[in-house]
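K.L.:
Quick one: this structure, given as structure tokens, is what I'll be asking you about.
The values are calculated or read from the model by the stated rules, or taken from the named source; none is laboratory data. Remember, predicted model here, so these are calculated numbers, not experimental data. Heads up, the Cβs are rebuilt from the backbone with ideal geometry, glycines too, and the neighbour counts pull from every protein chain shown.
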Amino acid sequence: MNRLRERFRAAWRRPGVPGGMLALLAALTLGSWALASPIGAGPDDDFHLVSTWCAGPAVDELCADGSTPQTREVPRPLLGAACFAYDPEESAACQSGTLDWSGVGPGVAVEIVETSRGNFGGEYPPLYYAVNGLLTGANAEAAALAMRALTIALFLGVATALHLLLPARLVPALHGGLLVTMVPLGVFLFGTNNPSAWAMFGVATSAIALLGYFETSGRQKLGLAAVFVVGVLMAAGSRADAAVFAGLGIAVIGILAAAPTKRFVLDAILPAVMGVVALAFFLTAGQASSGTGGFGGPIRDATGTDGGAVSVAIHEAAEPALGGVGLLFYNVLNVPFIWAGAWGQWGLGWLDTSMPAVVPLAGMAAFVALGFVALRGAGARVIGAVAVVVAALWAVPVYVLQAGGTMVPDHVQPRYLLPLIVLLGVLLLVRRENSPLALTRAQRWVIVAAVAGAHVVALHMNLRRYVTGTDEPGPNLDAGLEWWWAWMPVGPTVVWVVGSLAFVGVAGVVTRALAAPQPVAAR
């Protein structure tokens, strides 16, 4: 036990990656994003809020049976939380005072409506809703914020455990991979009530935990096994497509760590079991049939009707409807447009919060630059694993689009593929034992400037979208304020500054580890 305690202390103080400082800076960054969006700002958050409330302990009071098995009677504010959706000039002021019905009871007027907008047919796996449902209550704003805090705490807990338990050579791969794939879509999702947040970090963290599990022994191995199980459950229990991606991560890591030894065969039992668990989540969710019509289908509003334009940031396709080989070639050649959405090429939220061109340009440049530097010293197995993930990033959306007879950008949104993009970022930075990644000082600070600059702009644009709407430009977010949290003692400008500075610190700490030779752990 004393040896384990000393190992944790040493891991916490690893050169280049001080764990305590990194955890604090990450908490401030993600906390800022949790405050940067009102309740309902996430894509399809009305659907997910209703589904969560209908999975909570107060389901009888807040989610009564409807006239059919596919409908429920719920408070209208849950469905109307996204009253600003599709209109970027509309602030979140339209929901003011509607999300607290804590006095509901005889004589209290709160409108109850029947809706089919929820996970009543089991389209999504139940775990995300069951866990977050424990936090539901009559004050929807407070409950939804608590759910965001829970998601952030789970991520920080998993990441911290990996920081302490992973072999030293894998720690920069974890932190660096997350750094260049999370802005802006990834960090935005942490500030929503969308299960895509669990999917996003569950796939990548379970994969890197599994790789560390194969390379370690004793209590360290047991700890990594636990993190691996948690990651798979979070991914597979949030989205059916993420269950597939978690299974892909297991297969890729299995190939990466394969060895003709009895130990490997015995170690492979756990990932094989969790692969079956992920498959079970996938097969029991309604999303399993999405290959014939797209993962999400057309975006709809609270009444179930078409929600309007997909995004103000996505151009209207000028090409005529295609079919056959023409459709196939169009989709194959345009799939990278979907990937680019992870770095801000598509709008955030309900796809209506556009990012300036500098955001996707800087984010993708940092990812590509770091990836090319990393590949220079990567082993053949790592290159093979990267190739498999890239092939999946291309093949999955093409298959879904072809099966549904649709074209990019219909049906397949960037957040569906984000778990694979984050996994790709982590795998790119996995190094051979004798080939540590060492950026030059110039390379390091160019990457810091790119990702931190993109983050500063993205956080400001997201805050502006909701505090006043985009029709009130300007750097001062407190001027002309139309919406903000009533209980917050500071305004949105302070949140922006704190979140931006914290992320600069995150980028500086993470790239410091990438800029110096890493200690090599014995296998």
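K.L.:
Any idea which residue in region 168-210 is surrounded by the fewest Cβ atoms within 10 Å (Cβ to Cβ), counting only those that are at pLDDT below 95 and over 20 Å from A507 (Cβ atoms)?
P.N.:
Looking at the filtered set, the residue picked out is A168.
K.L.:
Can you tell me which residue is surrounded by the fewest Cβ atoms within 10 Å (Cβ to Cβ) among those in region 237-246 that are more than 13 Å from the chain's Cα centre (by Cα) and over 16 Å from V422 (Cα atoms)?
P.N.:
Within region 237-246, the match that is surrounded by the fewest Cβ atoms within 10 Å (Cβ to Cβ) is A240.
K.L.:
Here is a check on your reading of the model: is A285 of a type in the set (G, A, S), in contact with a Gly (Cβ under 8 Å, 6 or more places away or on another chain) and farther than 23 Å from G425 by Cα?
P.N.:
yes
K.L.:
List every residue pair whose Cβ atoms lie under 7 Å apart, where the two residues are 6 or more positions apart in sequence or sit on different chains, the first residue falls within region 240-259 and is under 12 Å from A385 (Cβ atoms), and the second residue, located anywhere, is basic (K, R) and part of a helix (DSSP H, G or I).
P.N.:
Going by the 7 Å Cβ cut-off, the qualifying pairs are L256/R381.
K.L.:
List the residue pairs whose Cβ atoms are under 7 Å apart, where the first residue sits in region 385-399 and is surrounded by fewer than 17 Cβ atoms within 10 Å (Cβ to Cβ), the second is among the small types (G, A, S), and the two are 6 or more positions apart or on different chains.
P.N.:
Close Cβ pairs (under 7 Å, with a partner that is among the small types (G, A, S)) amount to Y399/G291.
K.L.:
Given the residues A153, A130, A149, A144, which is the only one that is within 30 Å of P473 (Cα to Cα), aliphatic (A, V, I, L, M) and surrounded by fewer than 17 Cβ atoms within 10 Å (Cβ to Cβ)?
P.N.:
A149
K.L.:
For region 411-433, give me the residue count where each residue is surrounded by fewer than 24 Cβ atoms within 10 Å (Cβ to Cβ) and among the small types (G, A, S).
P.N.:
The qualifying residues number 0.
K.L.:
Let me ask another. Can you pull out the residues in region 486-500 that are buried (at least 16 other Cβ atoms within 10 Å of the Cβ) and among the aromatic types (F, W, Y)?
P.N.:
W496
K.L.:
Oh, and also: Considering only region 46-151, give the helices (runs of 4 or more DSSP H) lying wholly within it that have at least 1 residues that are touching a His at 6+ places or on another chain (Cβ under 9 Å).
P.N.:
Working: elements: 59-62, 76-80, 127-133.
In region 46-151, 127-133 are the helices (runs of 4 or more DSSP H) which contain 1 or more residues that are touching a His at 6+ places or on another chain (Cβ under 9 Å).
K.L.:
Across region 501-518, what is the number of residues that are outside any loop (DSSP other than H, G, I, E, B), touching a Ser or Thr at 6+ places or on another chain (Cβ under 8 Å) and surrounded by fewer than 22 Cβ atoms within 10 Å (Cβ to Cβ)?
P.N.:
Within region 501-518, residues that are outside any loop (DSSP other than H, G, I, E, B), touching a Ser or Thr at 6+ places or on another chain (Cβ under 8 Å) and surrounded by fewer than 22 Cβ atoms within 10 Å (Cβ to Cβ) number 1.
K.L.:
A further question follows. Just to be sure I understand the filter: pairs with C-beta atoms under 8 Å, separated by 6 or more residues or on different chains, first member in region 110-122 and within 11 Å of G66 (Cβ to Cβ) and modelled with pLDDT under 95, second member among the basic types (K, R) and outside any strand (DSSP E or B). Which pairs pass?
P.N.:
The qualifying pairs are I112/R76; V113/R76.
K.L.:
Counting just the residues of region 427-446 that are among the polar types (S, T, N, Q) and assigned to a loop (DSSP other than H, G, I, E, B), which one comes out farthest from A385 (Cα to Cα)?
P.N.:
T440
K.L.:
Of all residues in region 79-94, how many are out of contact with any strand residue (DSSP E or B) (no Cβ under 9 Å at 6 or more places or on another chain) and either under 21 Å from Y128 (Cβ atoms) or crowded, with 22+ Cβ neighbours inside 10 Å (or both)?
P.N.:
Number satisfying all stated conditions: 6.
K.L.:
Still on this model: Looking at region 465-491 only, could you name the residues that are more than 16 Å from V187 (Cβ to Cβ) and in a helix (DSSP H, G or I)?
P.N.:
Selection gives V467 alone.
K.L.:
Taking the options R300, R376, name whichever one is modelled with pLDDT under 95, of a type outside the set (V, I, T) and within 30 Å of R72 (Cβ to Cβ).
P.N.:
R300
K.L.:
Turning to a different aspect of this structure: Considering A340, A385, which residue is closer than 28 Å to A507 by Cβ and in contact with a Phe, Trp or Tyr (Cβ under 9 Å, 6 or more places away or on another chain)?
P.N.:
Answer to the selection: A340.
K.L.:
Now for a separate question. Taking the conditions exactly as written (more than 22 Å from the chain's Cα centre (by Cα), surrounded by fewer than 24 Cβ atoms within 10 Å (Cβ to Cβ) and under 24 Å from E141 (Cα atoms)), does E482 satisfy them or not?
P.N.:
Yes.
K.L.:
Right, next: Yes or no: T68 of a type in the set (S, T, N, Q), at pLDDT 90 or above and surrounded by fewer than 19 Cβ atoms within 10 Å (Cβ to Cβ)?
P.N.:
Yes; evaluated as a whole, the condition is true for this residue.
K.L.:
Would you check if there is a residue in region 372-382 being within 18 Å of the chain's Cα centre (by Cα), assigned to a helix (DSSP H, G or I) and buried (at least 18 other Cβ atoms within 10 Å of the Cβ)?
P.N.:
So far as region 372-382 goes, no, none of its residues is within 18 Å of the chain's Cα centre (by Cα), assigned to a helix (DSSP H, G or I) and buried (at least 18 other Cβ atoms within 10 Å of the Cβ).
K.L.:
Among the residues that make up region 152-165, is at least one of them without any contact (Cβ under 8 Å) to a residue 24 or more places away in the chain, assigned to a helix (DSSP H, G or I) and closer than 30 Å to G97 by Cα?
P.N.:
For region 152-165, residues without any contact (Cβ under 8 Å) to a residue 24 or more places away in the chain, assigned to a helix (DSSP H, G or I) and closer than 30 Å to G97 by Cα: present.
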